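Asker: Below are the structure tokens for one structure; questions will follow.
Readers should treat all values here as calculations from the given coordinates under stated rules, not as data from a laboratory. The shown structure was predicted, so the numbers you read here are calculated from the model rather than taken from an experiment. Quick reminder, even Gly has a Cβ in these numbers, built from the backbone with ideal geometry, and neighbours come from all protein chains shown.
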Amino acid sequence: MSTASNSQYFNLHTAGIGYISRIREVKPKKGGAFLACKVSALCGAADAVEYRPFDCRVSGAEAEKLVYRCMDAVNADKKVLIAFNIGDIYPDLYEFNGETKVMMKGRLLRIDWIKVDGQTVYTAPKRAAEDTEADVA
């Protein structure tokens, strides 16, 4: 008699709005190429906004399509603001000018809307059922 093993996962997703930049295709020595970008998330009071940078690997066909759609505007130095979901966030240490620095990394999973220079150019369709990972407890 065999028993099926059920895997349980705990997802940590960060949702917010931020400016997308540094859209690029990364070609590692080992493994396949992937799309990456930087998201500068907005936080704090509206009259004293602070930014938290995330270096993201773009995950999923829909997110990739939307990031590619932003590429021309980003390359033209337009302000591209997105509503996002980033998962699997972790700190990554690197050295710059002899100093150790930290960059938050993660996977850009979803884009809910895109604004270019203040004009809405994309709005995601409403989801039928919202995520319920937090209700599992």
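Asker: Which pairs in the list Lys30/Lys115; Lys79/Lys105; Lys29/Lys78; Lys65/Lys105 are over 25 Å apart, alpha-carbon to alpha-carbon? Can you show the working numbers first?
Answerer: Working: Lys30/Lys115 35 Å; Lys79/Lys105 22 Å; Lys29/Lys78 32 Å; Lys65/Lys105 20 Å.
Too far apart for the 25 Å limit: Lys30/Lys115; Lys29/Lys78.
Asker: So for Val102, Val58, Val26, fewest C-beta neighbours within 10 Å to most, what's the order? The partial results should precede the final answer.
Answerer: Working: Val102 9, Val58 23, Val26 12.
Result, fewest neighbours first: Val102, Val26, Val58.
Asker: Report the paramagnetic label zone for Asn75: residues of segment 39-60 whose backbone N is under 19 Å from a point 7 Å from Cα along the Cα-to-Cβ axis.
Answerer: It comes to 39, 58, nothing else.
Asker: Taking only Cα atoms, what is the 0 to 90° angle, nearest 10, from helix 61-75's long axis to the longest principal axis of the chain?
Answerer: 10 degrees
Asker: Using only DSSP helix segments of four residues or longer, with each worth -39500 (n - 2.57), what per-residue ellipticity at 222 nm results for the chain after dividing by its residue count and rounding to 500? Could you put the intermediate results ahead of the total?
Answerer: Details: 1 runs with 15 residues, N = 137.
Roughly -3500 deg cm²/dmol at 222 nm, from the helical runs in the chain.
Asker: Please tell me the relative contact order of the chain in percent, rounded to the nearest whole number, where contacts are Cα pairs under 8 Å and at least six residues apart. Provide the component values of the computation, followed by the final result.
Answerer: Working: 246 pairs, mean separation 31.1, N = 137.
Computed value for the chain: 23 percent relative contact order.
Asker: Can you pull the percent of Cα pairs in segment 1-89 with separation above 17 Å?
Answerer: Working: 2237 of 3916 pairs.
Cα-Cα pairs in segment 1-89 separated by more than 17 Å: 57 percent.
Asker: Obtain the nm distance between the two label points defined at Asn11 and Ser40 by a simple spin-label model: each point lies 7 Å from its Cα along the Cα-to-C-beta direction.
Answerer: Going from the Asn11 label point to the Ser40 one covers 2.9 nm.
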